[in-house]
Amino acid sequence: MERYQPRTVVNRRALLRAGGAGALAIGGLGALAGCGIPPAGRPDGALGTSADRSARERAVAFSSWTGYIDAGADGKGHPTLDDFRRRTGIAVTYTEDINDNVEFFGKVSKQLTAGQDIGRDLVCVTDWMAGRMIRLGWAQRLDASHLPNAYANLAPAFRNPDWDPGRVHSYPWTGIPAVIAYNRKATGGRKVDSMSQLLEDPRLKGRVGLLSEMRDTVGLTLLDMGNRPEEVTADEYTAAITRLRRARDRGQIRRFTGNDYTGDLNKGDIAACIAWAGDLVQLQADNTDIQYAIPDAGYMLSSDNLLVPRNARHQRNAERLIDYYYQPKIAARLAAAISYVSPVAGLRDELAKIDKELADNSLIIPGEAMLAKAHAFRSLTAAEDKAFEAAFSELTGA
């Protein structure tokens, strides 16, 4: 059995700051008709569509986050991308140049506003940023006739986000659960499984970590208060911020962090915190004192998503790359490498061939009971986004 070694905990979230087998099956229209999958049309007058050069330029430029793909045994190269090139003849230029959603938005927004090609055929951004780019008309409609694996194998939990109903412009790369984590040695063996404990248990005072990602920290707080992040109102948001501020002012919270909470949690300087599932899978491989809990009130599930930017030169090639990663065998290789939730249904058997422990880990393949507790933060208007982030920044000192 092939055994993947857990990656060092320097991954897609490492630099996050507050703002975030066989031949490749490419079906034609006839094959899709048999499956009941309609080809996606392009709306008349679609913004910035340009002649696709995929047929004569066998290339695709893919921008993503640090450590968010499989790596070779020597830490160099990306075996799945090499496999894609061998199967299709399409060379992938893979660049880890997305360090933060807002920073990346600032980097490309001027060109996109002007209707210019940004030199990228595929980008990976978090759900709320994907929604913003779609709303601005900066993402191409995807052609479903080029995405038979993606259409068939997308897990139900990811099929219909409110920011891209029906997945017309996007497909998820990974799901990102935000749950409660604790160091059993640092808590004296006590289980920590709720935001109420994080914010109010005096035994944890000064040893609590919260995330600098607003939708995760506020979302879990809203759930603990009996509110739904999918329907949050301004008053509910303000109440959650007030509760968090009181905990901060009492000295309950050690700090608000990005991915750098992992070292403190591992050492026990942070006794309990909000954590991302991919980090926990990697931490638990080396430290059995690291535990996690799904709060009874629920947890937050966000996603990072693949978009083809407006005026991309190689949309067809980008769609083939998306579809390639929706084959269960390929998806299993990716999941084994990065340890986040896979949005691809039916990969458990393939992942078990690589690592049975990973295949049985609900942080990578959640069961129905766990998925039933998942919540997503609703899409915000531009005005809400500005106001909500301003209040959160004041709280965290960002």
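The values are calculated or read from the model by the stated rules, or taken from the named source; none is laboratory data. Please read these numbers as outputs of a predicted model, since none were measured by experiment. For neighbour counting, all protein chains shown are included, and Cβ atoms are generated from backbone atoms with ideal geometry for every residue, glycine included. The accessibility values were calculated without ligands, DNA or RNA, using every heavy atom of the protein model including side chains. Shrake-Rupley method; radii C 1.70, N 1.55, O 1.52, S 1.80 Å.
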Worksheet item: So which residues in the range 371-395 are at pLDDT below 95, assigned to a helix (DSSP H, G or I) and buried (at least 19 other Cβ atoms within 10 Å of the Cβ)?
Response: none
Fill in: Count of residues meeting criterion [surrounded by fewer than 22 Cβ atoms within 10 Å (Cβ to Cβ) and polar (S, T, N, Q)] in the range 127-148
1
Fill in: Odd one out for GLU357 among (1) open to solvent by 10 Å² or more (accessible area, probe 1.4 Å); (2) more than 20 Å from LEU371 (Cα to Cα); (3) not in a loop (DSSP other than H, G, I, E, B)
(2)
Practice prompt. Report whether or not SER64 is in the same structural domain as LEU136 (by the TED database), open to solvent by less than 20 Å² (accessible area, probe 1.4 Å) and hydroxyl-bearing (Ser, Thr, Tyr).
Written response: yes
Worksheet item: Has the range 316-332 got any residue that is under 17 Å from ALA178 (Cα atoms) and not assigned by the TED database to the domain that holds ALA275?
Response: no
Practice prompt. Name, by its number, the condition in (1) under 25 Å from TYR151 (Cβ atoms); (2) at pLDDT 85 or above; (3) open to solvent by less than 50 Å² (accessible area, probe 1.4 Å) that does not hold for GLY28.
Written response: (2)
Item to complete: Kindly indicate whether any position in the range 78-92 is open to solvent by 40 Å² or more (accessible area, probe 1.4 Å), under 20 Å from the mean Cα position of the chain (by Cα) and modelled with pLDDT of 95 or more.
Response: yes
Practice prompt. With respect to LEU210, determine if the residue is closer than 28 Å to GLY67 by Cβ, in a strand (DSSP E or B) and touching a helix residue (DSSP H, G or I) at 6+ places or on another chain (Cβ under 8 Å).
Written response: yes
Discussion item. Just to verify a result, which residue in the range 267-301, among those that are out of contact with any His (no Cβ under 8 Å at 6 or more places or on another chain) and of a type in the set (Ser, Thr, Tyr), is farthest from GLN252 (Cα to Cα)?
Written reply: THR288
Discussion item. Going through LEU244, LEU307 one at a time, which residue ends up being in contact with a Leu (Cβ under 7 Å, 6 or more places away or on another chain) and open to solvent by less than 40 Å² (accessible area, probe 1.4 Å)?
Written reply: LEU244
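Do we have any residue at all in the range 280-289 that's in contact with a strand residue (DSSP E or B) (Cβ under 9 Å, 6 or more places away or on another chain), at pLDDT below 95 and open to solvent by less than 30 Å² (accessible area, probe 1.4 Å)?
Yes: the range 280-289 contains one or more residues that are in contact with a strand residue (DSSP E or B) (Cβ under 9 Å, 6 or more places away or on another chain), at pLDDT below 95 and open to solvent by less than 30 Å² (accessible area, probe 1.4 Å).
When you look at ALA152, is it within 30 Å of THR288 (Cα to Cα), in contact with a helix residue (DSSP H, G or I) (Cβ under 9 Å, 6 or more places away or on another chain) and among the hydrophobic types (A, V, I, L, M, F, W, C), yes or no?
no
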Worksheet, complete the sentence: Going through the range 342-387 in order, the residues found to be out of contact with any Ser or Thr (no Cβ under 8 Å at 6 or more places or on another chain), among the aliphatic types (A, V, I, L, M) and closer than 21 Å to ALA293 by Cβ are ALA369, LEU371, ALA372, ALA374
Worksheet item: Would the range 102-109 turn up any residue that is under 15 Å from ALA139 (Cβ atoms) and surrounded by fewer than 16 Cβ atoms within 10 Å (Cβ to Cβ)?
Response: yes
Item to complete: Take the range 226-240 and flag every residue that is surrounded by 19 or more Cβ atoms within 10 Å (Cβ to Cβ) and either in a loop (DSSP other than H, G, I, E, B) or on the phi > 0 side of the Ramachandran plot (or both).
Response: ASN227, VAL232
